[in-house]
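Asks: Let me begin by handing over the structure; questions about it come next.
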Amino acid sequence: MAQQLICERLQPGELALDATAGNGHDTLFLAQIVGAEGRVIGLDVQAEAIAATRERTAEMPWVELHQTGHERVGEFIGAESEVKAAMFNLGYLPKADKSIITRPDTTLAALDALVERLAVGGIITIAVYTGHEGGPEEGAAVLEWAQGLDQTRYTAIEYRFLNQVNSPPSMIAIECKPTK
């Protein structure tokens, strides 16, 4: 669903962000859309995530990767730049140390910075995983944050499974509306 929403909005030559690079799948997806005329920024706190993403995007010099927390996103996006698409996958890196997780304070700081730099028609997708320690608290914090956005500037939508067991993920999408 996140990829579908992004495909409808992101164009070649634009700026995109993978706030949780992980194994590089979303970074690669974004890089393929924006192409060499665009720019993709990928962030992750774990060296193994950056290494995996670097390997996956090795032939794409328009991808820049930073081993750091997503709360520092504002440092890597120019003050005048507008992000057309950003992706978050909250939780932990699959097949890695499950004690290293995204946290509400850093995630909300990243979202605050991004929403102010989101281009009109741009989108932020947030895959929310709650089946691990700390996940339910982070999910609730992100949901509350999204519900508090100014409805005249943003549309906030939640997508979730209704017939799944064992803490299925949900997705929150934030779109920046045109100003009147």
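Asks: Taking the conditions exactly as written (among the small types (Gly, Ala, Ser), on the phi < 0 side of the Ramachandran plot and assigned to a helix (DSSP H, G or I)), does Ala49 satisfy them or not?
Replies: yes
Asks: Here's something else I'd like to know. State yes or no: is Lys95 at pLDDT below 95 and among the basic types (Lys, Arg)?
Replies: Taking the combined requirement at face value, the residue satisfies it.
Asks: Would it be correct to say that Val34 is under 18 Å from Ile77 (Cα atoms), of a type in the set (A, V, I, L, M) and out of contact with any helix residue (DSSP H, G or I) (no Cβ under 6 Å at 6 or more places or on another chain)?
Replies: When the stated conditions are applied, Val34 passes them.
Asks: Which number in (1) of a type in the set (Asp, Glu); (2) touching a helix residue (DSSP H, G or I) at 6+ places or on another chain (Cβ under 6 Å); (3) closer than 19 Å to Ala119 by Cβ marks the one condition that Asp44 misses?
Replies: (3)
Asks: Taking Thr106 as the residue in question, decide whether it is farther than 17 Å from Met171 by Cβ and touching a residue at least 24 places away in the same chain (Cβ under 8 Å).
Replies: Yes; evaluated as a whole, the condition is true for this residue.
Asks: Moving to a separate point now. Would you point out the residue of the range 21-45, among those that are open to solvent by less than 20 Å² (accessible area, probe 1.4 Å) and part of a loop (DSSP other than H, G, I, E, B), that is nearest to Lys84 (Cα to Cα)?
Replies: So the residue we want is Gly38.
Asks: Find all pairs meeting these conditions: Cβ atoms under 7 angstrom apart; at least six residues apart or on different chains; first residue within the range 161-173 and aromatic (Phe, Trp, Tyr); second residue open to solvent by less than 100 Å² (accessible area, probe 1.4 Å).
Replies: Short answer, once both residue conditions are applied: Phe161/Pro168.
Residue by residue, here is whether (1) out of contact with any Phe, Trp or Tyr (no Cβ under 7 Å at 6 or more places or on another chain); (2) open to solvent by 70 Å² or more (accessible area, probe 1.4 Å); (3) assigned to a loop (DSSP other than H, G, I, E, B) holds:
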| residue | (1), (2), (3) |
| --- | --- |
| Leu108 | no, no, no |
| Asp112 | yes, yes, no |
| Val120 | yes, yes, no |
| Gly131 | yes, no, yes |
| Glu137 | yes, yes, no |
| Ala141 | yes, no, no |
| Glu144 | yes, yes, no |
| Asp150 | yes, yes, yes |
| Ala156 | yes, no, no |
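Asks: Still on this model: For the range 158-166, check the following and say yes or no: at least one residue is open to solvent by 40 Å² or more (accessible area, probe 1.4 Å), among the aromatic types (Phe, Trp, Tyr) and either at negative phi or in a loop (DSSP other than H, G, I, E, B) (or both).
Replies: For the range 158-166, residues open to solvent by 40 Å² or more (accessible area, probe 1.4 Å), among the aromatic types (Phe, Trp, Tyr) and either at negative phi or in a loop (DSSP other than H, G, I, E, B) (or both): present.
Asks: Restricting the range 63-95 to residues that are free of Cβ contacts under 8 Å to residues at least 40 places away in the same chain and open to solvent by 50 Å² or more (accessible area, probe 1.4 Å), which is nearest to Pro12 (Cα to Cα)?
Replies: Glu64
The values are calculated or read from the model by the stated rules, or taken from the named source; none is laboratory data. Quantities reported herein were computed from a predicted structural model and do not represent experimental measurements. We place every Cβ from the backbone using ideal geometry, glycine too, and count neighbours over all the protein chains shown. Remember, those area values only see protein heavy atoms, side chains included, never the ligands or the DNA or RNA. Shrake-Rupley method; radii C 1.70, N 1.55, O 1.52, S 1.80 Å.
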